Amino acid sequence: MYNSRIIGLGKYVPDNVVTNDDLSKIMDTSDTWIQERTGIKERRWVKEGSGETTATMGVEAAKIAIERAGISKDDIDFIVFATLSPDYYFPGPGVQVQNALDIKTVGALDVRNQCSGFVYGISVADQFIKSGMYKNVLVIGSELHSHGLDKTTRGRSVSVIFGDGAGAAVLTREEDTSKGVLSTHLHSEGKYAEELSLIAPGMGKRWVNDILADNDPNDESYYPYMNGQFVFKNAVVRFSEVIMEGLQKNKLSPKDINMLIPHQANLRIAQFIQKKFGLSDNQVFNNIEKYGNTTAASIPIALTEAWEEGKIKEGDCVVLAAFGSGFTWGSVVIKW
Ligand code: UT7
């Protein structure tokens, strides 16, 4: 029996900074509204024509993670790629990473769990490593939201929140089972699938030919939809539950957490969780003010920055927690 352990982290965000004031020039919104409701000051949006995509950003983050892991791309045994914004409807971007990094013909799995995608990805990698099937697994979370947002006043409640970027982690086999990923906890509640969703184009309801045939300029079905207050209320409950579940499984209490990395959905949610568990500012990492909500990329970007800033040390108890579309949610408890 083995554990898995993170040995390399990397992030990539596009250069193009879009401030709240920039958005207020293209839609009816304001820096005050966005900061008060979400904590976001700016986000990165890929520049039109730059050629950057979900896959290319994921590749850049992966290169850094592999280098920091001190291994070669030839040592990677499996790729897991989490995103809701793939370059193609199919195939998913995992194979694009295999090709771009010239990795051997190892398996590449695409994870479709939105904001929880990276946590689900870590859990998959952990199981493959624990079972002894693979030694080194690359897990990527990457999103290019900006091309798909309704950047008019109609879409403002969603479009001001989301940003582009990527993060990656390399996990390896750890023979000391008191170290590394201690446990992962995954959940879903599909009755709320449409409360945070992008319905079209999809084979179930509206495919491209339906959209073209209707030719309706007011059709909103191909933009993301979020029932914001409902999602918020569920998020605070599920975040709390799944963090507690992880702590209890490992006989830990909130005071044992050295660093909580919550999915960066809304600073208000993170602050609620921090208060509920009685955590200090040093025990919770937030960077939503710089990047907005980057969905599957938000945890690996935040984890990378926390590690780069020296806020995660060997032996620390690190907890990752996510909630989002599906609804899906999950947590990971790590002894660093
Ligand atoms: O990552 C996955 C998980 N996601 C989340 O957990 C997000 C959860 N939800 C939220 O974070 C919040 O619900 C939002 C930040 C999305 C919205 O904040 P809210 O406090 O729930 O605002 P609201 O949707 O209730 O809207 C309040 C008002 C409305 O105007 P009226 O009806 O009161 O006149 C909106 O039309 O704010 C208006 N509004 C805006 N005003 C300026 C909505 N979006 C904007 C905007 N700028 N961008």
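The values are calculated or read from the model by the stated rules, or taken from the named source; none is laboratory data. Worth saying up front: this structure is predicted, and the values here are computed from it rather than measured. Note that we place each Cβ from the backbone using ideal geometry, even for glycine, and neighbour counts take in every protein chain shown. Quick note on the areas: whole protein, heavy atoms, side chains included, nothing else; ligands and nucleic acids left out. Shrake-Rupley method; radii C 1.70, N 1.55, O 1.52, S 1.80 Å.
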Query raised in the report: Cα-Cα pairs above 21 Å in the range 112-213: how many percent?
Result: 55 percent
Report summary line: Over all pairs of different Cα atoms in the range 1-102, the reciprocal of the mean inverse distance gives a Kirkwood radius in Å of 16.2 Å
Report task. State the answer as a single residue: which of PHE90, THR105, TYR12 lies farthest towards the positive end of the charge dipole of the range 1-114, with beta carbon charges of +1 for Lys and Arg and -1 for Asp and Glu, about the Cα centre. Result -> THR105
Query raised in the report: Where the only charges are on Cβ atoms (+1 Lys, Arg; -1 Asp, Glu), what is the dipole of the chain about its Cα centre, to the nearest 20 debye?
Result: 920 debye
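Could you tell me which of rounded, prolate or oblate describes the range 95-138, using a ≥ b ≥ c as the square roots of the eigenvalues of the alpha-carbon gyration tensor, with rounded for a/c under 1.5 and, failing that, prolate when a/b is larger than b/c and oblate otherwise?
Oblate is the answer for the range 95-138, as a/c is 1.5 or above yet b/c matches or exceeds a/b.
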**Report entry** Accessible-area ranking of ASP164, ASP15, largest first, probe 1.4 Å
**Finding:** ASP15, ASP164
Report task. At 7 Å along the Cα-to-beta-carbon direction for both ASN209 and LYS25, put a label point, then send me their distance in nm to one decimal. Result -> 4.3 nm
Requested in this report: With N denoting the number of residues in the range 3-176, provide Rg(C-alpha) divided by 2.2 N^0.38 Å, to two decimal places.
Outcome: 1.12
Report task. Using a 1.4 Å probe and ignoring any ligands, DNA or RNA, find the accessible area of TRP307 and quote it in Å² to the nearest 10. Result -> 100 Å²
Requested in this report: Kindly work out what percent of the DSSP beta bridges joining two residues of the chain are antiparallel, to the nearest 5.
Outcome: 70 percent
Report summary line: Any lysines whose Cα falls less than 27 Å from that of LYS25, other than same-chain ones fewer than 8 residues away, would be LYS41, LYS47, LYS151, LYS290
Requested in this report: Could you quote the convex hull projected area for the range 181-335, Cα atoms only and averaged over all directions, in nm²?
Outcome: 10.5 nm²
Query raised in the report: What whole-number value in Å² describes the accessible area per residue of the range 181-335 for a 1.4 Å probe?
Result: 46 Å²
Report task. Quote the FRET efficiency, to the nearest 0.05, computed for ASN282 versus ASP256 with a Förster distance R0 of 22 Å and r equal to the Cβ-Cβ distance. Result -> 0.95
Query raised in the report: For LYS335, which lysines qualify as cross-link partners when the Cα separation must be under 17 Å and same-chain residues fewer than eight apart are set aside?
Result: LYS130, LYS179, LYS249, LYS251, LYS255, LYS311, LYS313
Report task. Grab the Cα-Cα distance for GLN248 and SER178, subtract it from 0.36 nm times how many residues apart they are, and report the gain in nm with one decimal. Result -> 23.6 nm
Report task. Can you tell me the relative contact order of the range 163-318? Whole percent, Cα pairs under 8 Å, sequence separation 6 or more. Result -> 30 percent
Requested in this report: Give the shape of the range 1-57 as rounded, prolate or oblate, defined through the alpha-carbon gyration tensor: a ≥ b ≥ c are the square roots of its eigenvalues, a/c under 1.5 means rounded, and otherwise the shape is prolate if a/b is larger than b/c and oblate if not.
Outcome: oblate
**Report entry** Loop-located trypsin sites (Lys or Arg not before Pro) in the range 217-280 whose Cβ has at most 15 other Cβ within 10 Å (DSSP)
**Finding:** LYS251
Query raised in the report: So which GluC sites (Glu not before Pro) in the range 1-93 pass both tests, a DSSP loop state and at most 13 other Cβ atoms within 10 Å of the Cβ?
Result: GLU48
Query raised in the report: Helix 228-249: angle to the longest alpha-carbon principal axis of the chain, degrees 0 to 90, nearest 10?
Result: 10 degrees
Report summary line: Helix 267-276 sits off the longest principal axis of the Cα atoms of the chain, rounded to the nearest 10 on a 0 to 90 degree scale, by 40 degrees
Requested in this report: Report, largest value first, the span of the C-alpha coordinates of the range 271-324 along each principal axis, in whole Å.
Outcome: 27, 27, 18
Report task. Enumerate by residue number the chymotrypsin sites (Phe, Trp or Tyr not before Pro) in the range 143-207 meeting two conditions: DSSP loop (anything except H, G, I, E, B), and at most 15 other Cβ atoms within 10 Å of the site's Cβ. Result -> TRP207
Report task. Would you compute, for the Cα atoms of the chain, the largest minus smallest coordinate along each principal axis and list the three values in descending order, in whole Å? Result -> 59, 47, 37
Query raised in the report: Under a plain spin-label model, where a point goes 7 Å from the Cα along Cα-to-Cβ, how far apart in nm are SER188 and THR153?
Result: 3.9 nm
Report summary line: Each label sits 7 Å from Cα toward the beta-carbon; between TYR222 and PHE90 the label points are separated, in nm, by 2.0 nm
Report task. Please give the residues of the range 81-110, grouped as numeric ranges, whose backbone N is less than 14 Å from a label point set 7 Å along the Cα-to-Cβ vector of SER72. Result -> 102-104
